Amino acid sequence: MTIAITIPASTQTTMAACVQIQNGVMAGHDNGPMQQPAVPDPAARLETVVEAVAARAEQARDRLDELAARLDELEGAPPAPGDAAIDPADPVRLAAIELAVGGADRAQAAAHLSEHFPGADLTAALDDVF
């Protein structure tokens, strides 16, 4: 069984540890080339997964903080000439924010939003969020 996870560079888990986990070999075990891999230590495996999830959550929190700071800057500022007023409770905009916080880029968010909100004008919401 292969489990694919993304481990950000900010985590302390090394690529070698990830490969060891994938192959069922944990750090600290010296299994020569002809030996069977050791049974992986479930606690060490779980710790690695938890570290990866925590790092991803930290990235999402940082992105949310950036978006909140942007909203604070924009709050009370008059819209730029030619810009339509953006409803903060617009479902398209809220969905775009959730996608951005989840790590989606503008193109991924646009594809997802166009599926879930057919016919909606996505440009204003995407411009506001990205």
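Numbers for the structure displayed
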quantity: Summed residue charge, Cβ within 15 Å of A68's Cβ, Lys/Arg positive, Asp/Glu negative; calculated: -4
quantity: Full-extension gain in nm, E73 to H116, via 0.36 nm per residue minus C-alpha separation; calculated: 12.6 nm
quantity: Footprinting exposure proxy for T123, T48 (fewest neighbouring C-beta atoms within 10 Å first); calculated: T123, T48
quantity: Total formal charge among the other residues, if their Cβ is under 14 angstrom from that of L94, Lys/Arg +1 and Asp/Glu -1; calculated: -3
quantity: Residue order, fewest to most beta carbons within 10 Å, for D90, D72; calculated: D72, D90
quantity: Burial ordering of E58, E115, fewest other beta-carbon atoms within 10 Å first; calculated: E115, E58
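No value in this document is a laboratory result; all are computed from the given coordinates. Predicted model only: the values in this text are computed from it and were never measured. Positions of Cβ are generated from backbone atoms using ideal geometry, with glycine treated the same way; all protein chains shown enter the neighbour counts.
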